[in-house]
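The values are calculated or read from the model by the stated rules, or taken from the named source; none is laboratory data. Values in this document were obtained by computation on a predicted structure and should not be read as measured data. Here the Cβ positions follow ideal geometry from the backbone for every residue, glycine too, while neighbour counts run over all protein chains shown. The accessibility values were calculated without ligands, DNA or RNA, using every heavy atom of the protein model including side chains. Shrake-Rupley method; radii C 1.70, N 1.55, O 1.52, S 1.80 Å.
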Amino acid sequence: MKLQLLIIIVLKYLVLANQGELDKEEQGFDVDGLDLESLFNGTTPDYDEEAFSPCSETLPGFNSVGITITYIIVFIFSMFGNSVVVYVVCYMQKTRASTDIYLMHLALADLLFTLTLPFWAVDAYTGWVFGTFLCKLLSAFQEASVYSGVFLLACISVDRHFAIVRPTRPKSSFHTLVKMVCGVVWMVAGMLSLPVAIQRQSLYDKGFNQYICYENLTGESSDMWRVSIRIVRHTVGFFLPLVVMAFCYGWTIITLFHTRNQQKHKAMRVILAVVLAFVICWLPYNVTILIDTLIKGETLKLVTCETRYRVVAVLNVTQVLAFLHCAVNPVLYAFIGQKFRDELLSSLYRHGLVGRSIYLTYRTGSVNSAGSVKSRNTSATM
(Lines give C-alpha, C1' and ligand atoms only; values in the text may rest on other atoms or scores of the structure.)
Protein backbone atom coordinates (compact mmCIF):
# COMPACT_ATOMS: atom_id res chain seq x y z
CA MET A 1 0.00 0.00 0.00
CA LYS A 2 2.80 2.41 0.89
CA LEU A 3 4.68 1.53 -2.27
CA GLN A 4 1.57 2.03 -4.40
CA LEU A 5 0.96 5.42 -2.85
CA LEU A 6 4.55 6.49 -3.50
CA ILE A 7 4.31 5.34 -7.13
CA ILE A 8 1.07 7.32 -7.59
CA ILE A 9 2.71 10.47 -6.22
CA VAL A 10 5.78 10.10 -8.44
CA LEU A 11 3.71 9.39 -11.57
CA LYS A 12 1.44 12.36 -10.84
CA TYR A 13 4.51 14.56 -10.46
CA LEU A 14 6.00 13.38 -13.76
CA VAL A 15 2.74 13.83 -15.68
CA LEU A 16 2.27 17.38 -14.42
CA ALA A 17 5.89 18.24 -15.12
CA ASN A 18 5.71 16.95 -18.68
CA GLN A 19 2.55 18.94 -19.33
CA GLY A 20 4.20 22.11 -18.07
CA GLU A 21 1.51 22.55 -15.39
CA LEU A 22 3.63 22.17 -12.30
CA ASP A 23 4.23 25.39 -10.43
CA LYS A 24 4.52 25.19 -6.70
CA GLU A 25 3.59 28.81 -6.04
CA GLU A 26 0.72 29.11 -8.48
CA GLN A 27 -0.67 25.58 -8.57
CA GLY A 28 -0.48 24.83 -4.85
CA PHE A 29 1.46 21.54 -5.32
CA ASP A 30 3.97 21.43 -2.46
CA VAL A 31 6.59 18.81 -3.28
CA ASP A 32 8.75 19.77 -0.29
CA GLY A 33 5.76 19.27 1.98
CA LEU A 34 5.42 15.57 1.06
CA ASP A 35 6.38 13.44 4.03
CA LEU A 36 8.27 10.80 2.02
CA GLU A 37 10.18 9.60 5.09
CA SER A 38 6.97 8.51 6.77
CA LEU A 39 6.21 6.26 3.82
CA PHE A 40 9.33 4.21 4.54
CA ASN A 41 9.06 4.32 8.34
CA GLY A 42 5.73 2.48 8.40
CA THR A 43 3.42 5.46 8.89
CA THR A 44 0.93 6.81 6.41
CA PRO A 45 0.97 10.59 5.88
CA ASP A 46 -2.15 12.72 5.64
CA TYR A 47 -2.91 12.35 1.98
CA ASP A 48 -5.09 15.12 0.61
CA GLU A 49 -6.36 14.59 -2.90
CA GLU A 50 -6.98 18.33 -3.25
CA ALA A 51 -3.22 18.88 -3.00
CA PHE A 52 -3.03 17.76 -6.62
CA SER A 53 -5.70 20.22 -7.74
CA PRO A 54 -4.49 22.10 -10.82
CA CYS A 55 -5.69 25.38 -9.29
CA SER A 56 -4.49 27.03 -6.11
CA GLU A 57 -7.01 27.49 -3.33
CA THR A 58 -5.75 31.02 -2.69
CA LEU A 59 -6.36 34.02 -4.88
CA PRO A 60 -3.12 35.38 -6.41
CA GLY A 61 -2.44 38.99 -5.43
CA PHE A 62 -5.40 39.11 -3.03
CA ASN A 63 -5.05 41.68 -0.24
CA SER A 64 -7.27 41.05 2.78
CA VAL A 65 -6.16 44.23 4.60
CA GLY A 66 -8.31 46.41 2.35
CA ILE A 67 -11.42 44.32 3.04
CA THR A 68 -10.75 44.41 6.78
CA ILE A 69 -10.41 48.20 6.81
CA THR A 70 -13.53 48.57 4.64
CA TYR A 71 -15.61 46.44 7.01
CA ILE A 72 -14.47 48.49 10.01
CA ILE A 73 -15.36 51.78 8.28
CA VAL A 74 -18.77 50.43 7.22
CA PHE A 75 -19.35 49.23 10.80
CA ILE A 76 -18.73 52.71 12.24
CA PHE A 77 -20.93 54.60 9.75
CA SER A 78 -23.70 52.00 9.82
CA MET A 79 -23.90 51.89 13.61
CA PHE A 80 -24.16 55.67 13.79
CA GLY A 81 -26.53 56.17 10.86
CA ASN A 82 -29.01 53.38 11.63
CA SER A 83 -29.05 54.29 15.32
CA VAL A 84 -30.07 57.83 14.31
CA VAL A 85 -32.85 56.42 12.10
CA VAL A 86 -34.24 54.31 14.95
CA TYR A 87 -34.03 57.30 17.29
CA VAL A 88 -35.84 59.65 14.89
CA VAL A 89 -38.65 57.19 14.15
CA CYS A 90 -39.14 56.49 17.87
CA TYR A 91 -39.19 60.24 18.50
CA MET A 92 -42.07 61.00 16.10
CA GLN A 93 -44.74 58.93 17.83
CA LYS A 94 -47.74 61.06 16.82
CA THR A 95 -46.77 61.59 13.17
CA ARG A 96 -45.42 58.10 12.53
CA ALA A 97 -46.74 56.50 9.33
CA SER A 98 -46.84 52.83 8.39
CA THR A 99 -43.78 53.17 6.17
CA ASP A 100 -41.85 54.69 9.08
CA ILE A 101 -42.45 51.54 11.11
CA TYR A 102 -41.13 49.40 8.27
CA LEU A 103 -38.12 51.68 7.84
CA MET A 104 -37.36 51.49 11.56
CA HIS A 105 -37.38 47.69 11.41
CA LEU A 106 -35.22 47.91 8.29
CA ALA A 107 -32.73 50.00 10.29
CA LEU A 108 -32.84 47.39 13.08
CA ALA A 109 -32.08 44.68 10.51
CA ASP A 110 -29.13 46.72 9.25
CA LEU A 111 -27.92 47.16 12.84
CA LEU A 112 -28.11 43.41 13.40
CA PHE A 113 -26.10 42.87 10.24
CA THR A 114 -23.63 45.58 11.30
CA LEU A 115 -22.89 43.83 14.60
CA THR A 116 -21.38 40.91 12.67
CA LEU A 117 -19.00 43.06 10.58
CA PRO A 118 -16.11 43.31 13.10
CA PHE A 119 -15.96 39.50 13.24
CA TRP A 120 -15.94 39.18 9.43
CA ALA A 121 -13.26 41.88 9.33
CA VAL A 122 -11.02 39.78 11.57
CA ASP A 123 -11.92 36.68 9.55
CA ALA A 124 -10.84 38.35 6.31
CA TYR A 125 -7.41 39.07 7.77
CA THR A 126 -6.56 36.13 10.06
CA GLY A 127 -9.18 33.50 9.35
CA TRP A 128 -11.94 32.42 11.71
CA VAL A 129 -10.58 32.45 15.26
CA PHE A 130 -13.85 32.66 17.22
CA GLY A 131 -14.88 29.01 17.37
CA THR A 132 -17.94 27.11 16.21
CA PHE A 133 -20.54 28.72 18.51
CA LEU A 134 -19.94 32.27 17.27
CA CYS A 135 -19.67 30.94 13.73
CA LYS A 136 -23.21 29.57 14.01
CA LEU A 137 -24.62 32.54 15.92
CA LEU A 138 -23.17 35.29 13.73
CA SER A 139 -24.04 33.43 10.54
CA ALA A 140 -27.63 33.17 11.78
CA PHE A 141 -27.68 36.90 12.59
CA GLN A 142 -26.35 37.74 9.15
CA GLU A 143 -28.83 35.50 7.34
CA ALA A 144 -31.79 36.73 9.40
CA SER A 145 -30.89 40.38 8.86
CA VAL A 146 -30.56 39.93 5.09
CA TYR A 147 -33.85 38.04 4.82
CA SER A 148 -35.72 40.51 7.04
CA GLY A 149 -34.27 43.48 5.15
CA VAL A 150 -35.43 42.31 1.74
CA PHE A 151 -38.82 41.18 3.10
CA LEU A 152 -39.34 44.60 4.71
CA LEU A 153 -38.51 46.32 1.42
CA ALA A 154 -41.15 44.14 -0.24
CA CYS A 155 -43.64 45.08 2.50
CA ILE A 156 -42.86 48.77 1.95
CA SER A 157 -43.53 48.39 -1.77
CA VAL A 158 -46.93 46.80 -1.05
CA ASP A 159 -47.70 49.50 1.53
CA ARG A 160 -46.84 52.31 -0.91
CA HIS A 161 -48.87 50.58 -3.63
CA PHE A 162 -52.05 50.58 -1.54
CA ALA A 163 -51.37 54.08 -0.20
CA ILE A 164 -51.01 55.65 -3.65
CA VAL A 165 -52.74 53.36 -6.13
CA ARG A 166 -55.60 52.29 -3.87
CA PRO A 167 -55.85 54.87 -1.08
CA THR A 168 -58.24 54.00 1.72
CA ARG A 169 -59.25 55.68 4.94
CA PRO A 170 -56.90 54.73 7.78
CA LYS A 171 -58.24 52.40 10.42
CA SER A 172 -57.49 52.61 14.11
CA SER A 173 -55.87 49.15 14.08
CA PHE A 174 -53.65 49.86 11.07
CA HIS A 175 -50.44 50.32 13.05
CA THR A 176 -51.16 47.09 14.93
CA LEU A 177 -51.43 45.26 11.60
CA VAL A 178 -48.11 46.73 10.43
CA LYS A 179 -46.41 45.64 13.65
CA MET A 180 -47.84 42.16 13.24
CA VAL A 181 -46.48 42.01 9.68
CA CYS A 182 -43.04 43.05 10.96
CA GLY A 183 -43.23 40.32 13.60
CA VAL A 184 -44.06 37.72 10.95
CA VAL A 185 -41.17 38.98 8.81
CA TRP A 186 -38.69 38.52 11.66
CA MET A 187 -40.08 35.07 12.48
CA VAL A 188 -39.84 33.87 8.87
CA ALA A 189 -36.34 35.36 8.52
CA GLY A 190 -35.25 33.53 11.67
CA MET A 191 -36.62 30.21 10.38
CA LEU A 192 -34.89 30.63 7.02
CA SER A 193 -31.59 31.29 8.77
CA LEU A 194 -31.71 28.02 10.73
CA PRO A 195 -30.23 25.74 8.01
CA VAL A 196 -27.13 27.91 7.73
CA ALA A 197 -26.79 28.17 11.51
CA ILE A 198 -27.06 24.39 11.90
CA GLN A 199 -24.56 23.55 9.16
CA ARG A 200 -21.95 26.25 9.85
CA GLN A 201 -18.84 25.17 11.76
CA SER A 202 -15.30 26.31 12.35
CA LEU A 203 -13.26 24.13 9.98
CA TYR A 204 -9.55 23.99 9.16
CA ASP A 205 -8.88 24.65 5.49
CA LYS A 206 -5.58 23.21 4.25
CA GLY A 207 -5.64 25.32 1.10
CA PHE A 208 -5.80 28.58 3.04
CA ASN A 209 -3.83 27.17 6.00
CA GLN A 210 -6.32 28.67 8.46
CA TYR A 211 -9.71 28.09 10.06
CA ILE A 212 -12.84 29.17 8.18
CA CYS A 213 -16.51 29.53 9.10
CA TYR A 214 -18.17 27.29 6.54
CA GLU A 215 -21.07 24.88 5.96
CA ASN A 216 -19.88 21.47 7.12
CA LEU A 217 -21.71 19.26 4.63
CA THR A 218 -20.33 15.75 4.23
CA GLY A 219 -21.32 12.76 2.18
CA GLU A 220 -22.18 12.19 -1.44
CA SER A 221 -25.11 14.61 -1.33
CA SER A 222 -23.12 17.49 0.23
CA ASP A 223 -22.74 19.41 -3.04
CA MET A 224 -26.42 18.93 -3.81
CA TRP A 225 -27.42 20.27 -0.40
CA ARG A 226 -25.10 23.25 -0.70
CA VAL A 227 -26.47 24.08 -4.14
CA SER A 228 -30.06 23.62 -2.92
CA ILE A 229 -29.53 25.93 0.07
CA ARG A 230 -28.00 28.59 -2.13
CA ILE A 231 -30.80 28.36 -4.69
CA VAL A 232 -33.41 28.76 -1.94
CA ARG A 233 -31.44 31.71 -0.59
CA HIS A 234 -31.33 33.38 -4.01
CA THR A 235 -34.97 32.69 -4.84
CA VAL A 236 -36.70 33.42 -1.53
CA GLY A 237 -34.23 35.96 -0.20
CA PHE A 238 -33.74 38.08 -3.29
CA PHE A 239 -35.43 37.35 -6.61
CA LEU A 240 -39.04 36.80 -5.41
CA PRO A 241 -39.07 39.97 -3.25
CA LEU A 242 -37.49 41.80 -6.17
CA VAL A 243 -40.37 40.69 -8.41
CA VAL A 244 -42.86 41.96 -5.81
CA MET A 245 -41.08 45.32 -5.61
CA ALA A 246 -40.87 45.65 -9.38
CA PHE A 247 -44.60 44.90 -9.78
CA CYS A 248 -45.76 47.24 -7.00
CA TYR A 249 -43.48 50.15 -7.88
CA GLY A 250 -44.12 49.74 -11.60
CA TRP A 251 -47.86 50.05 -11.04
CA THR A 252 -47.33 52.91 -8.57
CA ILE A 253 -45.15 54.89 -10.97
CA ILE A 254 -47.70 54.48 -13.75
CA THR A 255 -50.37 55.81 -11.39
CA LEU A 256 -48.21 58.78 -10.37
CA PHE A 257 -47.74 59.73 -14.02
CA HIS A 258 -51.50 60.28 -14.23
CA THR A 259 -51.80 62.38 -11.09
CA ARG A 260 -50.67 65.88 -10.18
CA ASN A 261 -50.27 65.22 -6.47
CA GLN A 262 -46.76 66.53 -5.87
CA GLN A 263 -46.74 65.29 -2.30
CA LYS A 264 -47.12 61.69 -3.43
CA HIS A 265 -44.32 62.22 -5.93
CA LYS A 266 -42.06 63.42 -3.11
CA ALA A 267 -43.13 60.52 -0.90
CA MET A 268 -41.78 58.05 -3.46
CA ARG A 269 -38.30 59.51 -3.80
CA VAL A 270 -36.71 58.00 -0.70
CA ILE A 271 -38.46 54.65 -1.15
CA LEU A 272 -37.34 54.31 -4.77
CA ALA A 273 -33.82 55.38 -3.78
CA VAL A 274 -33.76 52.75 -1.02
CA VAL A 275 -34.89 50.01 -3.42
CA LEU A 276 -32.43 51.13 -6.09
CA ALA A 277 -29.59 51.09 -3.55
CA PHE A 278 -30.63 47.59 -2.49
CA VAL A 279 -30.56 46.33 -6.09
CA ILE A 280 -27.21 47.98 -6.86
CA CYS A 281 -25.58 46.56 -3.72
CA TRP A 282 -27.05 43.07 -3.65
CA LEU A 283 -27.75 42.12 -7.28
CA PRO A 284 -24.06 41.74 -8.34
CA TYR A 285 -23.32 39.63 -5.27
CA ASN A 286 -26.32 37.36 -5.79
CA VAL A 287 -25.50 36.87 -9.47
CA THR A 288 -21.87 36.05 -8.64
CA ILE A 289 -22.90 33.64 -5.88
CA LEU A 290 -25.29 31.98 -8.32
CA ILE A 291 -22.47 31.53 -10.87
CA ASP A 292 -20.20 30.15 -8.14
CA THR A 293 -22.96 27.76 -7.08
CA LEU A 294 -23.41 26.49 -10.63
CA ILE A 295 -19.64 25.99 -10.94
CA LYS A 296 -19.36 24.04 -7.70
CA GLY A 297 -22.38 21.98 -8.64
CA GLU A 298 -20.66 21.25 -11.98
CA THR A 299 -23.62 22.65 -13.89
CA LEU A 300 -21.16 25.04 -15.53
CA LYS A 301 -18.06 23.25 -16.75
CA LEU A 302 -14.95 25.21 -15.78
CA VAL A 303 -11.61 24.28 -17.30
CA THR A 304 -9.23 27.16 -16.55
CA CYS A 305 -7.82 28.40 -13.27
CA GLU A 306 -7.94 31.97 -14.56
CA THR A 307 -11.74 31.83 -14.73
CA ARG A 308 -11.92 30.49 -11.18
CA TYR A 309 -9.69 33.30 -9.96
CA ARG A 310 -11.88 35.87 -11.69
CA VAL A 311 -15.02 34.46 -10.05
CA VAL A 312 -13.37 34.50 -6.62
CA ALA A 313 -12.09 38.05 -7.17
CA VAL A 314 -15.51 39.31 -8.29
CA LEU A 315 -17.10 37.48 -5.36
CA ASN A 316 -14.87 39.32 -2.89
CA VAL A 317 -15.56 42.71 -4.50
CA THR A 318 -19.33 42.21 -4.73
CA GLN A 319 -19.43 40.96 -1.13
CA VAL A 320 -17.88 44.21 0.03
CA LEU A 321 -20.46 46.11 -2.04
CA ALA A 322 -23.28 44.06 -0.50
CA PHE A 323 -22.01 44.62 3.04
CA LEU A 324 -21.78 48.33 2.30
CA HIS A 325 -25.56 48.43 1.88
CA CYS A 326 -26.22 48.51 5.63
CA ALA A 327 -24.67 51.99 5.80
CA VAL A 328 -26.34 53.40 2.67
CA ASN A 329 -29.98 53.84 3.75
CA PRO A 330 -29.37 56.47 6.49
CA VAL A 331 -27.42 58.53 3.95
CA LEU A 332 -30.38 58.40 1.56
CA TYR A 333 -32.76 59.54 4.28
CA ALA A 334 -30.50 62.46 5.19
CA PHE A 335 -29.90 63.72 1.64
CA ILE A 336 -33.27 62.97 0.03
CA GLY A 337 -35.84 62.85 2.84
CA GLN A 338 -36.83 66.39 3.82
CA LYS A 339 -39.11 65.21 6.62
CA PHE A 340 -36.38 63.02 8.09
CA ARG A 341 -34.09 66.04 8.37
CA ASP A 342 -36.92 68.09 9.89
CA GLU A 343 -37.74 65.50 12.52
CA LEU A 344 -34.08 64.99 13.35
CA LEU A 345 -33.46 68.71 13.84
CA SER A 346 -36.63 69.04 15.91
CA SER A 347 -35.53 66.24 18.23
CA LEU A 348 -32.04 67.73 18.55
CA TYR A 349 -33.53 71.11 19.50
CA ARG A 350 -35.81 69.54 22.12
CA HIS A 351 -32.77 67.90 23.74
CA GLY A 352 -30.77 71.15 23.62
CA LEU A 353 -28.26 69.96 21.03
CA VAL A 354 -28.96 72.79 18.53
CA GLY A 355 -29.58 76.50 19.11
CA ARG A 356 -32.90 78.35 18.93
CA SER A 357 -31.87 80.40 15.88
CA ILE A 358 -31.18 77.27 13.89
CA TYR A 359 -34.44 75.74 15.01
CA LEU A 360 -36.46 78.85 14.07
CA THR A 361 -34.85 78.88 10.64
CA TYR A 362 -35.72 75.21 10.29
CA ARG A 363 -39.37 75.82 11.31
CA THR A 364 -39.76 78.66 8.83
CA GLY A 365 -38.41 76.53 6.01
CA SER A 366 -40.43 73.50 6.96
CA VAL A 367 -43.72 75.39 7.18
CA ASN A 368 -43.25 76.81 3.70
CA SER A 369 -42.16 73.53 2.20
CA ALA A 370 -44.12 70.91 4.06
CA GLY A 371 -47.67 72.14 3.71
CA SER A 372 -49.97 69.29 4.44
CA VAL A 373 -47.28 66.69 4.80
CA LYS A 374 -48.69 65.22 7.97
CA SER A 375 -50.71 62.65 6.14
CA ARG A 376 -51.22 59.14 7.35
CA ASN A 377 -50.25 57.79 3.98
CA THR A 378 -47.06 59.85 3.66
CA SER A 379 -44.01 58.76 5.56
CA ALA A 380 -42.46 61.37 7.80
CA THR A 381 -39.04 60.23 6.67
CA MET A 382 -39.80 61.50 3.20
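Points to keep in mind about this one:
- Within segment 55-73, the residues that satisfy the criterion of being at pLDDT 60 or above and open to solvent by 40 Å² or more (accessible area, probe 1.4 Å) are N63, V65, I69, T70, I72, I73.
- From the options V84, V129, V122, residue that is hydrophobic (A, V, I, L, M, F, W, C), open to solvent by 20 Å² or more (accessible area, probe 1.4 Å) and either at positive phi or not in a helix (DSSP H, G or I) (or both): V129
- The condition of being modelled with pLDDT under 90 and assigned to a loop (DSSP other than H, G, I, E, B) holds for only one of E21, E37, E26, that being E21.
- Residue, most open to solvent (accessible area, probe 1.4 Å), within segment 87-100, restricted to residues that are under 23 Å from H351 (Cβ atoms) and in a helix (DSSP H, G or I): Y87
- Filter result for R166 (more than 19 Å from G237 (Cα to Cα), outside any helix (DSSP H, G or I) and out of contact with any strand residue (DSSP E or B) (no Cβ under 7 Å at 6 or more places or on another chain)): yes
- Within segment 116-136, the residues that satisfy the criterion of being free of Cβ contacts under 8 Å to residues at least 40 places away in the same chain and under 16 Å from the mean Cα position of the chain (by Cα) are T116, F119.
- L103 being open to solvent by 10 Å² or more (accessible area, probe 1.4 Å) and within 26 Å of L344 (Cβ to Cβ): no
- Single match in V196, V178, V158 (criterion: part of a helix (DSSP H, G or I), more than 27 Å from F119 (Cα to Cα), of a type in the set (V, I, T) and open to solvent by less than 20 Å² (accessible area, probe 1.4 Å)): V178
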